[in-house]
């Protein structure tokens, strides 16, 4: 369990120290987290007590990782009513953190007025969101990332969904949530953009869908054959 | 087949869940489904495994626990068919995170799939690896991923590139293996591969300086050329967004160029032209174009200086700032914040627009703009900017007021050119948003007012005026109440009028009215009311005409349900009724509060720095360890730095102010200070004879009597004291058959350590003493100062006396009492006589 004060202290650390922070994070991971001397070095350089570091190495490593990675940390689709329609986590968040994040962000984003900007500062990170009909598409990025580009990525994703489902609506994403995930996995990987061509994504998804279809047909034809043979 | 597991299809389950009216209904449906799935799992049912997993994923998304399905993912991944693997990997990424031990079990399956003959299966494995691999897995599977960077199908190459990013972030040691393959990806034509390749290079540069050097040397020119080709490319429908070919690639190239150009003049030089081209040619009417411009500005700001480009960039930001689109304004503010370190002058030019943004209706923009303004303020522009900020305070909503107030207070404190300006601005903030002002801020204001002796009158009048108009702001009321208590006479008599002030007529009863209002105000909190009571006590001696009324008001609180108020009311009433003689001394104006001590304590007690705030205990000379944040007594021992500090707990500065209010006038605190019972007890000692102790709540309720005793034990009777004058009875310090020495002891107000002693020598013999000389010696913890004697001849038979004053400073005050050796030499008829002795019958606690 991570201690509250430590967490807030970290959020207060200024941006210049982030690099230091991250380097120390590496050292910690190199020493397999438990190395006392690495923790002490970190204590000296970034001012987090060694005792705290070695008590919560997982938390700090996750945090270092998040700080280091200039990327999309997670993708969230929330409906107008606050129901989660899709979540994808590219940075390590424990189950508990995930629920907390969703609750917190839902509260912030759903309450924002219609004509405001699409960015929210949130716990040292930025959340870019955009509303399409009844759905809010949210992506969490770093302070340094290009918010406008992320808006474009969201739109890119929506257009691909739109093409795949043929004017997509919330119900499509509910009943075919796994397909939405497949599409997202062709678009983003490791929190980075993978493909800028909508056509290519569509082609890859179609190819894999047809693989599934063939497998199904084969399975049913085999069971037919077996059924006939055993008749 | 199990009757449960045959159950519903995925679609039916979703429908059933959606049709639930209440949360309880939904839980019931989910519970039933989960039971069925568990049953299927335990029966090792293969036919419906993928369907069950899909259901579990949906249930997981609703927030129910699904850990029991984790092993199913592994089984599906291990099966041979593509459909099973596809759903298995999806489940793996959704239901597990990298911390779970189960994940290690999948390493082997991943390895096999990375070597599979079907490229889509390789794709699935790469995707899972890239999204959730742990450091151990990264180490194990890095060679496979490295090999796949050269795979024949570009779609695998791009996945492998992003997967490599995850691997080098997890295990930076592996970075060097990826440098060469990454560089070769930069030469590709396929956009997907190019995008991911550029991204991989960017991340390699971040984790390895070796990679940075390599790419800077080998790839800068190539990247510039790629960007140039892109910028000049004809319409490409597949990648076109708003008339621009592949903005995503544009942005990633600019990002990598930024890292390569940072700190390297040659590389920066190499990219100047293309940056200028992008900055001027890209259309800014669509979001995609703006995204590129934004990235380009960032790159220009980061690479080595080129004057012309910087101007271009600042101009773009200026255009952004005046854009109607909120998103664009937001990113402009964001970028200006970075630009301020590069070219503060240029940012200052946009000050007016930025200030407008502080009043924007969008909270995100307001916050960004405020952060920026905060950076813009310096000594020369603090006045106009603060004025603007205070104006926007009026317009802002509750949530933002808190942030804004904190920022304004911090600015005003940091840059204030003169005290009167500081007081003025703080007054404005207090009247506008006093409820948002933090305690230490208004404490600081009181300290400043107390230190500005020429502004006492001005402050109290200004506060009185502000108080009349806005009584809703708690902290304003508090500061006003404090000042009226201290400087009430200046309010009424218009003392220290400044030229800029308008005269104001306040009668004594008006001032008392103000205090009464603040006590009776419904929403006043305890602190305010308590402060008002003290202020009233103080006014009772400043305004004799109102003292009856004040007594009434104080008495009204005698039955207060709030213990603190009740207690104060009773105590103060005692002072008013029984101790007229000491009252005026008791409620004298507070000595000037020490700014240095206060600010030092503030710095010490604020949790700003992690490393320094951990338990620094100052050791005082007398060996009492004082907690770092112990605030109380410092205000008292203004002159005596090495006095033992009464131990105190908590950071309750307010109690100090209040407790102190009473004491310093005539009371040397700590003379008989009993250990403090708890935070709430504020101790006040009166002349060292008795202590008026406001006991801790629990103690008071049990025994109200002792408190009265303490007060009444003040002396035999107050009347007698009036006749006797000094608070200590005179004592016969030395007596022999020929000589008597009497000490009259008194204390210096506000200085507990110092004892004034008047020695009176009386001749008991019939002979005249000539050349009379009194000498005294004291132990080390005391300091003795002897004044000259009134005479050196002592008349015979008590027909006169010699008087000599001395001053003893007790550095161990409160712990050790006075002791003194004496030697008296004189001549009787030219014959030397020497008398020696020791005085140890001093009253304790001197």
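The values are calculated or read from the model by the stated rules, or taken from the named source; none is laboratory data. Predicted, not measured: the structure shown is a model, and the values here were computed from it. Methodologically, a virtual Cβ is constructed for each residue, glycine included, from the backbone with ideal geometry; neighbour enumeration extends over all protein chains shown.
All conditions but one from (1) part of a helix (DSSP H, G or I); (2) in contact with a helix residue (DSSP H, G or I) (Cβ under 9 Å, 6 or more places away or on another chain); (3) surrounded by 15 or more Cβ atoms within 10 Å (Cβ to Cβ) apply to residue B:45; the one that does not is (1). Out of curiosity, is residue B:155 at the interface with chain A (Cβ under 9 Å from one of its Cβ atoms) and either assigned to a helix (DSSP H, G or I) or under 48 Å from the mean Cα position of the chain (by Cα) (or both)? Considered against the rule, which asks whether it is at the interface with chain A (Cβ under 9 Å from one of its Cβ atoms) and either assigned to a helix (DSSP H, G or I) or under 48 Å from the mean Cα position of the chain (by Cα) (or both), residue B:155 comes out as yes. Just one of the numbered conditions (1) within 21 Å of residue B:18 (Cβ to Cβ); (2) more than 7 Å from chain B (Cβ to nearest Cβ) is not true of residue A:174: (2).
Rundown of residues vs (1) modelled with pLDDT under 90; (2) more than 28 Å from residue B:189 (Cβ to Cβ), yes/no style:
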site: B:68; (1), (2): yes, yes
site: B:93; (1), (2): no, yes
site: B:117; (1), (2): no, no
site: B:131; (1), (2): no, no
site: B:142; (1), (2): no, no
site: B:147; (1), (2): no, no
site: B:151; (1), (2): no, no
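Quick check: is even one residue across the stretch A:219-228 closer than 29 Å to residue B:164 by Cβ, facing another protein chain (nearest Cβ under 10 Å) and part of a helix (DSSP H, G or I)? Looking for residues that are closer than 29 Å to residue B:164 by Cβ, facing another protein chain (nearest Cβ under 10 Å) and part of a helix (DSSP H, G or I), one finds none in the stretch A:219-228, hence no.
Residue count for the stretch B:113-144 satisfying the condition of being part of a helix (DSSP H, G or I), more than 11 Å from every other protein chain (Cβ to nearest Cβ) and closer than 24 Å to residue A:205 by Cβ: 4. When residue A:195 is tested against (1) surrounded by fewer than 23 Cβ atoms within 10 Å (Cβ to Cβ); (2) assigned to a loop (DSSP other than H, G, I, E, B); (3) touching a helix residue (DSSP H, G or I) at 6+ places or on another chain (Cβ under 6 Å); (4) within 11 Å of chain B (Cβ to nearest Cβ), just one condition goes unmet, and that condition is (1).
Regarding residue A:184, is this residue surrounded by 15 or more Cβ atoms within 10 Å (Cβ to Cβ) and facing another protein chain (nearest Cβ under 7 Å)? No. Inclusion of residue B:843 among residues that are under 30 Å from residue B:589 (Cβ atoms) and surrounded by 14 or more Cβ atoms within 10 Å (Cβ to Cβ) is warranted. Counting only residues that are in a loop (DSSP other than H, G, I, E, B) and at the interface with another protein chain (Cβ under 10 Å from one of its Cβ atoms), the stretch A:112-147 holds 10 of them.
Conditions (1) assigned by the TED database to the domain that holds residue B:591; (2) in contact with a helix residue (DSSP H, G or I) (Cβ under 6 Å, 6 or more places away or on another chain); (3) surrounded by 22 or more Cβ atoms within 10 Å (Cβ to Cβ); (4) under 19 Å from residue B:495 (Cβ atoms), marked per residue:
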position	(1), (2), (3), (4)
B:416	yes, yes, no, no
B:421	yes, no, no, no
B:429	yes, yes, yes, no
B:435	yes, yes, no, no
B:442	yes, yes, yes, no
B:453	yes, no, no, yes
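Considering every residue within the stretch B:62-78, establish whether at least one is farther than 22 Å from residue B:35 by Cβ, in contact with a helix residue (DSSP H, G or I) (Cβ under 8 Å, 6 or more places away or on another chain), assigned to a helix (DSSP H, G or I) and within 9 Å of chain A (Cβ to nearest Cβ). Looking for residues that are farther than 22 Å from residue B:35 by Cβ, in contact with a helix residue (DSSP H, G or I) (Cβ under 8 Å, 6 or more places away or on another chain), assigned to a helix (DSSP H, G or I) and within 9 Å of chain A (Cβ to nearest Cβ), one finds none in the stretch B:62-78, hence no. Inspection of the stretch A:160-179 identifies no residue that is in contact with a helix residue (DSSP H, G or I) (Cβ under 6 Å, 6 or more places away or on another chain), part of a loop (DSSP other than H, G, I, E, B) and either more than 28 Å from residue B:8 (Cα to Cα) or not assigned by the TED database to the domain that holds residue A:81 (or both).
Give me the residue from the stretch B:278-297 that is more than 16 Å from residue B:255 (Cα to Cα) and assigned to a helix (DSSP H, G or I) and, out of that set, nearest to the other protein chains (Cβ to nearest Cβ). Only one residue tops the list, namely B:287. For the stretch B:331-340, does any single residue satisfy the condition of being under 33 Å from the mean Cα position of the chain (by Cα), more than 10 Å from chain A (Cβ to nearest Cβ), farther than 19 Å from residue B:244 by Cβ and outside any helix (DSSP H, G or I)? No, every residue in the stretch B:331-340 fails to be under 33 Å from the mean Cα position of the chain (by Cα), more than 10 Å from chain A (Cβ to nearest Cβ), farther than 19 Å from residue B:244 by Cβ and outside any helix (DSSP H, G or I). Residues to consider are B:223, B:194, B:256, B:249; find the one that is modelled with pLDDT of 90 or more, away from chain A (no Cβ under 13 Å) and surrounded by 14 or more Cβ atoms within 10 Å (Cβ to Cβ). After ruling out the rest, the residue left standing is B:223. Flag set for residue B:536, criterion: surrounded by 22 or more Cβ atoms within 10 Å (Cβ to Cβ) and assigned by the TED database to the domain that holds residue B:459. None of B:449, B:408 is crowded, with 22+ Cβ neighbours inside 10 Å and under 18 Å from residue B:482 (Cβ atoms) except B:449. The helices (runs of 4 or more DSSP H) found wholly in the stretch B:342-412 include none carrying at least 1 residues that are assigned by the TED database to the domain that holds residue B:431.
Scanning the stretch A:90-101 for residues that are crowded, with 18+ Cβ neighbours inside 10 Å, within 22 Å of residue A:134 (Cα to Cα) and facing chain B (nearest Cβ under 8 Å) yields nothing. All of (1) touching a residue at least 24 places away in the same chain (Cβ under 8 Å); (2) more than 22 Å from residue B:728 (Cα to Cα) hold for residue B:788 with one exception: (1). Checking each residue in the stretch A:103-121 for being touching a helix residue (DSSP H, G or I) at 6+ places or on another chain (Cβ under 9 Å) and surrounded by 16 or more Cβ atoms within 10 Å (Cβ to Cβ) picks out A:112, A:116, A:117, A:118, A:119, A:120, A:121.
May I ask you to verify whether residue B:482 is assigned to a helix (DSSP H, G or I), out of contact with any strand residue (DSSP E or B) (no Cβ under 6 Å at 6 or more places or on another chain) and closer than 18 Å to residue B:521 by Cα? It is true that residue B:482 is assigned to a helix (DSSP H, G or I), out of contact with any strand residue (DSSP E or B) (no Cβ under 6 Å at 6 or more places or on another chain) and closer than 18 Å to residue B:521 by Cα.
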